[in-house]
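Chemist: Here's a structure for you.
The values are calculated or read from the model by the stated rules, or taken from the named source; none is laboratory data. Just so it is clear, the structure is predicted and the values come from calculations on it, not from any experiment. Neighbour counts run over all protein chains shown; Cβ positions are idealised from the backbone, glycine included. Heavy atoms of the whole protein, side chains included, go into the accessibility calculation; ligands, DNA and RNA do not. Shrake-Rupley method; radii C 1.70, N 1.55, O 1.52, S 1.80 Å.
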Amino acid sequence: LACMIFAAVSGSSPATVAAIGSIVIAGMVKAGYPEELAAGVITNAGTLGILIPPSIVMLVYAAATEESAARLFMAGFLPGLLMGTMLMIVIYVVARIKKLPPQPWQGFGNLAKSFASAFWGLMLIFIVLGSIYGGICSPTEAAAISAVYAYFVAIFVYRDMGPLKGVPWRQNPDDSIGRIIFHNVSQLLLALPRSIVHPDTRKVFRDASKVSIMLLFIIGNAMLFAHVLTSERIPHHIAEIIVGWGLPSWGFLIVVNLLLLAAGNFMEPSAILLIMAPILFPIAVKLGIDPIHLGVIMVVNMEIGMITPPVGLNLFVTAGITGHNITWVLRAALPWLLILLTFLALITYIPQISLFLPEYIDHLKGY
């Protein structure tokens, strides 16, 4: 569940594993769970980072095929919930069989306090996804709004960075509400201009710029590569060859899955999409396969590629967190990989799992 929530903000599988795994794996071991089980669960659940929207990989697919990013995001929502639910059910069964120690119920009071402290961060998910799905903003506009929102929350609400870092909202327990409000408003007004040039803010801008430049470079090359392939009619020729084989749509999807699973062992997801999406897209259209459905199938294949050696990025991230070698992490992750393969079969041959929400939103004219 933590991976699902973080995936709704990050859009990256390795980032999800790094953020959640660095906290949760140690916590699970401390609570009495085997480290191998903890590492395997997080390595696999972290792949949700590129399926639950917003997703960097979906943006690359949208750029390569000129499909709607908003429709792709909506198509990934139900599959993401389904995959997370499947993992949670299996985890529950394994925990019961192995008699793993449950945590004591903390009560609704503690739950309410936790929710209140996390409220401002959780609102980021509603801002991003709600504005896109409600037709209020495009994905780009939602990203800009969420960036500004995150800036104010991090610096002025949680105060874990910037000039107010570590400064409590209430200086003295005996202060009245009026004094607290006056004191904090004056602090905020003084801190606002300083926060713009603060070292913490500059570091965030620098890191965000690196990621943005990387993504723009990938998307720019995706569009260029797709243009070259189209100009040379390469997808058209390959499409004629595969259509000439007389494969039905279900047979073509088997070929697609085998091809992408093999590529996922050796290449990074964005690179695979850059090469394969412009080739597979026109063939799928000829065979009557919905391009959005094909996009979700490709993303799920990329998820599996994240945990298959030798270039499984999630394996390397988990290895760095646990201090174990890749072989140990792979052995921990493999049993859970069977769930992802079952999930891939469901997504491939039950297209309505992916297409129900986009079609429903289209019916409501929400885009």
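Chemist: So what is the relative contact order of the chain, in percent, for Cα pairs below 8 Å that sit 6 or more residues apart?
Modeler: The normalised contact order for the chain reaches 26 percent.
Chemist: Let me ask you something else. How much accessible surface does K165 have with a 1.4 Å probe, in Å² rounded to 10?
Modeler: 120 Å²
Chemist: Here's something else I'd like to know. How much of the accessible area of the range 127-173, probe 1.4 Å, is carbon plus sulfur, in whole percent?
Modeler: 68 percent
Chemist: Give the accessible area for F126 in Å² (nearest 10); use a 1.4 Å probe, count only protein heavy atoms, and leave out ligands, DNA and RNA.
Modeler: 140 Å²
Chemist: Quick check on packing: order 182-195, 294-307, 42-55, 268-281 by the mean number of other C-beta atoms within 10 Å, highest mean leading.
Modeler: Packing order, densest peptide first, comes out as 42-55, 294-307, 268-281, 182-195.
Chemist: Leaving out ligands and nucleic acids, note down the accessible area per residue over the range 41-179 with a 1.4 angstrom probe, in whole Å².
Modeler: Result: 52 Å² per residue.
Chemist: Let me know the charge dipole size of the chain about its Cα centre in debye, to the nearest 20, where only the beta-carbon of Lys, Arg (+1) and Asp, Glu (-1) is charged.
Modeler: 940 debye
Chemist: At q = 0.12, 0.18, 0.19 Å⁻¹, what is the base-10 log of I(q)/I(0) for the range 216-358 according to the Debye formula with one equal point scatterer per Cα and no solvent? Please give it to two decimals.
Modeler: -0.55, -1.09, -1.16
Chemist: List, in the order given, every pair from K210/K286; K113/K203; K165/K210 whose Cα-Cα distance in the structure shown is over 27 Å.
Modeler: K210/K286; K113/K203
Chemist: Using bins 5 angstrom wide from zero, how does P(r) for the range 1-67 break down, in % of all Cα pairs?
Modeler: 4, 21, 24, 18, 14, 9, 5, 3, 2, 1
Chemist: Toward the positive end of the charge dipole of the range 161-298, about the Cα centre and with charges on Cβ (Lys, Arg +1; Asp, Glu -1), which of L247, V228, Q171 goes farthest?
Modeler: Q171
Chemist: Taking 0.36 nm per intervening residue step and subtracting the Cα-Cα distance, what contour gain separates I196 from S117 on full extension?
Modeler: 25.9 nm
Chemist: Sticking with this structure for a sec: GNM on the chain, C-alpha springs below 10 Å: top fluctuator among M58, M267, M123?
Modeler: M123
Chemist: Another question about this same structure. Once R0 is set to 56 Å, what does the formula 1/(1 + (r/R0)^6) return for the Cβ-Cβ distance between R96 and D175, expressed as a FRET efficiency to the nearest 0.05?
Modeler: After rounding to 0.05, the efficiency reads 0.65.
Chemist: When the C-alpha atoms of the range 123-162 are aligned to their principal axes, what extent does each axis show, in angstrom, from largest down?
Modeler: Computed over the range 123-162, the largest-to-smallest principal extents equal 33, 15, 9 Å.
Chemist: Follow-up. Quick check: net charge around L355, other residues with Cβ under 15 Å of its Cβ, Lys/Arg +1 and Asp/Glu -1?
Modeler: So the environment of L355 carries a net charge of -3.
Chemist: In addition: Hey, any idea what the orientation-averaged projected area of the convex hull of the range 46-155's Cα atoms comes to, in nm²?
Modeler: Result: a mean projected hull area of 9.3 nm².
Chemist: Continuing with the same structure: Wrap a convex hull around the Cα atoms of the chain, take a quarter of its surface area, and give that in square nanometres.
Modeler: Seen from a random direction, the Cα hull of the chain projects 21.8 nm² on average.
Chemist: Using a 1.4 Å probe on the protein chains only, how many percent of the accessible area of the range 284-367 belongs to carbon and sulfur?
Modeler: The nonpolar share, carbon plus sulfur, comes to 70 percent.
Chemist: Oh, and also: Can you give the Rg and Dmax of the range 68-114 based on its C-alpha atoms, in angstrom?
Modeler: 16.5, 46
Chemist: I've got another one for you. Straight-line reach from K99: which lysines have a Cα under 27 Å away, not including same-chain ones fewer than 8 places off?
Modeler: K30
Chemist: Roll a 1.4 angstrom probe over the protein heavy atoms and tell me the percent of accessible area of the range 1-79 that is carbon or sulfur.
Modeler: Percent of accessible area from carbon and sulfur atoms in the range 1-79: 69.
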